[in-house]
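The values are calculated or read from the model by the stated rules, or taken from the named source; none is laboratory data. Please read these numbers as outputs of a predicted model, since none were measured by experiment. Cβ coordinates were reconstructed from backbone atoms using ideal geometry, including for glycine residues, and neighbour counts include every protein chain displayed. To get the accessible areas, we keep the full protein, side chains included, count just its heavy atoms, and leave off ligands, DNA and RNA. Shrake-Rupley method; radii C 1.70, N 1.55, O 1.52, S 1.80 Å.
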Amino acid sequence: MCETKSKLTKLDLRAIKGMRNRIVHDYQNLDSYIIFDAIQKDLPPLKETLYEVISSGLKNNIFDRECKLPHKKNPIPSTFFK
């Protein structure tokens with residue numbers, strides 16, 4: 001789990017939550033250029049980090065122990081994040 005936490009600390013979770021809140025609650029005042037910029041610059045590293053965390057968690061059965069989810073072999077298709 002320490003490995004998972006260290007990967008998640010790379011993310012600015014406050015900024016992610018703030019962007020989500022702006023999109024959901026203040027969508028009339030969104031600046032499309034800011035949204036486009038976030039999509040272009042911020043989503044690729046976020047996607048990569050989340051893929052690493054999820055893959056590592058599934059590989060090491062972390063989610064099975066902590067969330068009590070049934071383990072399936074290769075539950076995420078390799079094309080899912082591409």
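Here the simple spin-label model places points 7 Å from the Cα toward Cβ, and for N21 and A38 these points are separated by 1.2 nm.
Solvent-accessible area of L58, all protein chains in place: 40 Å² (probe radius 1.4 Å, heavy atoms, ligands and nucleic acids excluded).
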